[in-house]
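Heads up, the thing below is written out as structure tokens.
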């Protein structure tokens, strides 16, 4: 993927989609068996990642079942820790990472670290504000695959405190129609969510 420049604006992608419309890879990190939420089946992350440790959080109340476990990466000697999923070259994908800390390491607040797509830094992951309100945090980007695989990686940064570990609760990689965001030159840019709004929707949110 070429330099990851963010285009300001609100992504409304999938805002009106039903669970049944989702395809691609729905990965529950740290899970050992399939999990069903609504009409979506979430799969264990074992085939997509090497290394890391698993933490079981139990059921986080009203939150989705895929948030009851996570994978964290205590090996500070590794430069990055990557999930790799099959992709179609030049196809567009929605990538969503979800984080729910749950105090898995005994800390009072979540660690801060970086995430990257295909080797290019995407953003910092700082979930403290949402976690203080009892919420998970998600990040979304729309990217074009450069090859037959797409990697989503976590890495320590200068903001990662000593002894803290990057972690992840869920990863989704959803293929998009070629016409979606047709005006965007994905060889030079990617899209990242700035805000998501629900117009006429009902019910609360489990992510912030």
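Each reported figure results from applying straightforward, stated rules to the coordinates on display, with no laboratory input. All values reported here derive from a predicted model rather than from experimental measurement. Cβ coordinates were reconstructed from backbone atoms using ideal geometry, including for glycine residues, and neighbour counts include every protein chain displayed.
Data for the structure
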| quantity | calculated |
| --- | --- |
| Average Cα contact separation per residue, the stretch 21-192, under 8 Å, 6 or more apart, as relative contact order % | 29 |
| Förster radius 22 Å - calculated FRET efficiency between residue 123 and residue 149 (Cβ-Cβ, nearest 0.05) | 0.55 |
| Gyration tensor verdict on the stretch 20-124 (Cα atoms; rounded if a/c is under 1.5, prolate if a/b is larger than b/c, oblate otherwise) | oblate |
